[in-house]
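Any read-out appearing in this document is the output of simple, stated calculations on the displayed coordinates, not a laboratory observation. Model, not experiment: these values are computed from the prediction. Don't worry about glycine lacking a Cβ; one is built from the backbone with ideal geometry, like all the others, and counts go over all protein chains shown.
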Ligand code: TXA
Ligand code: MG
């Protein structure tokens, strides 16, 4: 199957070479979204598989391409905080502080939804997940789309359900090429800066609560909000597929304890030596770099057809919490 991939030199190639995003690509992407086609686009976290949030056919196709159950809701992406009122019925004061403090950025807020928001977006729940991404191509794309009547772009991570999120356009292609149609687009905006999905914060309660850890950490949130977070033990019923015990899984089995044998994969900070006979998949220099390249390294394990990968997570708070969260889910079988 052929797909259109647009380059910065404004050539249209019906080949699987992926080149940089461009103004021309942006124009085409807006048209595709308006036509109901899907556009895989870069964000600072991971690549998203986007569709017009007002078009039920597009939304249905996203679920189909991802093979995702329809009761797992989608995040709406908008260009700025000003667009919130189209989607949300009420914004608690602390949520406004979060939005002003961290958008555009790697944070999704769960807020009470506006009555017109379609059930297919929220999976029948009373709240909507919304975020303003921080990636120059995509922010301009969202602005252009909104200037032509669009209200927002729904986009889950551009991977099959339960699998590792893609952090570059090649990985989107590898993951989804069999499932996309000829009018869908993949935009190459390079490697995602953060490399892990956005922090999801439930804003329906008196205080914020992290549902999925990410680059906007507990410490950052508490500083901006001036309130303590609700601990995760105090569960409220909300369906977040990224919270499933098994998620972000490569084919290889992930081990967070024990030592690799000959031919097993190994991921650790650069300062940790490779055990004898193990295949080094990544040597990040610090925690930020670790988050950025982790998913690529997990995919590399599958490309090398490794059965087992031993991972030494970085220690400490902040982003290490999000890395550990993803690794625990990736290791759960
Ligand atoms: O960084 C990100 O958040 C990326 C980029 C593309 O923006 N998107 C992403 O989407 O990770 P997805 O669908 O792969 O993960 C979003 C998670 C899912 O677990 C979904 O169930 C949850 O957010 N979610 C979205 N809307 C929700 C809602 N209304 N209520 C509860 N959970 C929601
Ligand atoms: Mg996902």
Handout entry: Helix-only [θ]222 nm of the chain, DSSP H runs n ≥ 4, -39500 (n - 2.57) each, per residue, nearest 500
Key = -8500 deg cm²/dmol
Exercise for the section: Determine the relative contact order of the stretch 89-192: mean sequence separation of Cα pairs under 8 Å and six or more apart, normalised by residue count, in whole percent. Expected result: 18 percent
Handout entry: Relative packing of 169-180, 72-83, which averages over residues the other C-beta atoms within 10 Å, highest first
Key = 72-83, 169-180
Problem - Sites residue 57 and residue 280 - FRET efficiency at Förster radius 56 Å, r taken between beta-carbons, to 0.05 - result: 0.80
Problem - Stretch gain in nm, segment residue 90-residue 24, where the contour uses 0.36 nm per residue and the Cα spacing is subtracted - result: 20.0 nm
Handout entry: Mean Cα-pair separation over length for the stretch 121-179, i.e. relative contact order, pairs under 8 Å, 6 or more apart, %
Key = 18 percent
Handout entry: Exposure proxy order (Cβ contacts within 10 Å, fewest to most) of 310, 161
Key = 161, 310
Practice task
Output the antiparallel fraction of DSSP beta bridges having both residues in the chain, as a percent to the nearest 5.
Solution key: 45 percent
Practice task
Could you work out the relative contact order of the stretch 37-144, using alpha carbon pairs under 8 angstrom and six or more residues apart, expressed as a whole percent?
Solution key: 32 percent
Practice task
In square nanometres and to one decimal, what's the mean projected area of the convex hull around the Cα atoms of the chain?
Solution key: 16.2 nm²
Exercise for the section: Can you tell me the order of 255-263, 112-120 when each peptide is scored by its average per-residue count of other Cβ atoms within 10 angstrom, highest first? Expected result: 112-120, 255-263
